[in-house]
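Asks: Starting off with a structure, shown below.
The values are calculated or read from the model by the stated rules, or taken from the named source; none is laboratory data. Nothing here was measured: the structure is a model prediction, and the numbers come from that model. Heads up, the Cβs are rebuilt from the backbone with ideal geometry, glycines too, and the neighbour counts pull from every protein chain shown. These area figures cover heavy atoms from the full protein model, side chains too; ligands, DNA and RNA do not enter into them. Shrake-Rupley method; radii C 1.70, N 1.55, O 1.52, S 1.80 Å.
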Amino acid sequence: MASEQVNTEQEEQKALLVFTDLDGTLLDHHDYSFSAADTALKALAVQGIPLIINTSKTCSEVMALREQLNNLYRVQPQPFVVENGAGIYLPQDSDFSCRGLQQTASGLLRLDLATPRESVLDILHAIRREHGLAFTGFADMSVADVQRETGLSEAAAKQALARDYTEPLLWQDSEEARQQLVQSLRAKGLQILEGGRFWHVMSAANKGKAMQVLSSCYKQPATTIALGDGGNDIAMLEAADWPVVIKAASKASLKLAHKNAIYSKSEGPVGWNTTVQDLLTKLT
């Protein structure tokens, strides 16, 4: 479907779970604002529909954003997924019950789906030395470097650097060299995913697997809506009942083979706002 309108086929009404990417999707690609999505955010809150952030960002970044979102999305705290599906965080009192949870210092419960970042860095840097690859990862960057590349504030840049599982990097080499990296990482059980601004190196986790795990932990069967704009969102979009591809701000938009795929006409939170409202009209 090549518009923001959804079809009118009848769908059995079930509980809904909304999973969303952040940068370029719920957040504007340029200024990180979500204000253009205020109508849809309020509608989700009124209906008590869980809004689950599923992002490449860190736990610290998501915690700060959730405080800002609370002005529009006023419901009990919801779980969220960080670092491209590497970790799931759940509030103590939620409608999701997962096994294998660990208590964290912040009071949240955490479920690890990926190996620690230290192991990823050891392998990644050894490959860089062996093949002479040119890239700059977050481990190579200062707070000021991250600010320059992202436009984030100093505080937000520090939060972005506080990673537990993944290593974002700026690719500065050829496509042939990148394929060499892909093959070398795969041989070590790692992968590289394309995000909105950076490539992300991590173990074999993704946003789609994390969405499926979290959905299976919900108190009842639910229809899943997923919204994203980048290559690292593909697994999540393909696994959703209703995938929404948000029009990309700086590159060609994704294309899916999914029968229910919806493509926004507008970028970022403007497209997010319209497509979510359309789906709520159809599914509730």
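Asks: Please give the charge dipole size of the stretch 117-233, origin at the Cα centre, charges +1 on K and R Cβ atoms and -1 on D and E Cβ atoms. Round to the nearest 20 debye.
Replies: Here the size comes out at about 420 debye.
Asks: Given Cα pairs under 8 Å that are at least 6 residues apart, what percent is the relative contact order of the stretch 83-227?
Replies: For the stretch 83-227, the relative contact order is 31 percent.
Asks: Return one number: the angle in degrees, 0 to 90 and rounded to the nearest 10, between the long axis of the Cα atoms of helix 59-69 and the longest principal axis of the Cα atoms of the chain.
Replies: Helix 59-69 sits roughly 30 degrees off the main axis of the chain.
Asks: Next up: Of all the accessible heavy-atom surface of the stretch 74-117, with the other protein chains kept in place and a 1.4 Å probe, what percent is carbon and sulfur?
Replies: 46 percent
Asks: Run the numbers on the chain and let me know its relative contact order in percent, using alpha-carbon pairs under 8 Å that are six or more apart.
Replies: Relative contact order for the chain comes out at 27 percent.
Asks: For a test of understanding, tell me how many lysine pairs in the stretch 201-284 have Cα atoms under 29 Å apart, given they are 8 or more places apart or on different chains.
Replies: 26
Asks: Then there is this: State, as an integer percentage, the relative contact order of the stretch 167-284 based on alpha-carbon contacts under 8 Å between residues 6 or more apart.
Replies: Reported relative contact order: 17 percent.
Asks: Work out the charge dipole of the stretch 120-261 with +1 on the Cβ of Lys and Arg and -1 on the Cβ of Asp and Glu about the Cα centre, then indicate which of Ala235, Ala261, Val143 is farthest towards its positive end.
Replies: Most positive-ward Cα: Ala261.
Asks: Shifting gears a bit: Among Pro50, Met202, Val62, whose Cα projects farthest towards the positive end of the dipole of the chain, with charges put on the beta-carbon of Lys, Arg (+1) and Asp, Glu (-1)?
Replies: Highest projection toward the positive end goes to Pro50.
Asks: Could I ask something else about it? To one decimal place, what Kirkwood hydrodynamic radius in Å is obtained for the chain from all pairs of distinct Cα atoms?
Replies: 19.2 Å
Asks: Return an integer: the convex hull volume of the alpha-carbon atoms of the stretch 206-284, in Å³ per residue.
Replies: 91 Å³
Asks: Excluding ligands, DNA and RNA, what is the solvent-accessible area per residue of the chain at a probe of 1.4 Å, expressed in Å²?
Replies: 44 Å²
Asks: Continuing with this model, one more query. With charges only on Cβ, +1 for K and R and -1 for D and E, what is the dipole size of the chain about its Cα centre, in debye, rounded to 20?
Replies: Result for the chain is approximately 400 debye, rounded to the nearest 20.
Asks: Right, next: Suppose the chain between Asp140 and Ala177 were pulled fully straight at 0.36 nm per residue; how much longer would it get relative to their current alpha carbon spacing?
Replies: 11.4 nm
Asks: Moving on. With both bridge residues required to lie in the chain, what share of the DSSP beta bridges run antiparallel, to the nearest 5%?
Replies: Antiparallel: roughly 50 percent of the beta bridges in the chain.
Asks: Going from the alpha-carbon gyration tensor of the stretch 111-227, what semi-axes, largest first and in whole Å, does one get by taking the root of 5 times each eigenvalue?
Replies: 27, 20, 13
Asks: Using helices alone, I'd like the mean residue ellipticity at 222 nm for the chain: each DSSP H run of four-plus residues gives -39500 (n - 2.57), total over residue count, nearest 500.
Replies: Dividing the helical sum by the residues of the chain leaves -10500 deg cm²/dmol.
Asks: Percent of accessible area on the stretch 180-284 owned by carbon and sulfur, 1.4 Å probe?
Replies: 47 percent
Asks: I'd like to know which of His125, Ser97, Leu181 lies farthest towards the positive end of the charge dipole of the chain, counting +1 on Cβ of Lys and Arg and -1 on Cβ of Asp and Glu.
Replies: Ser97
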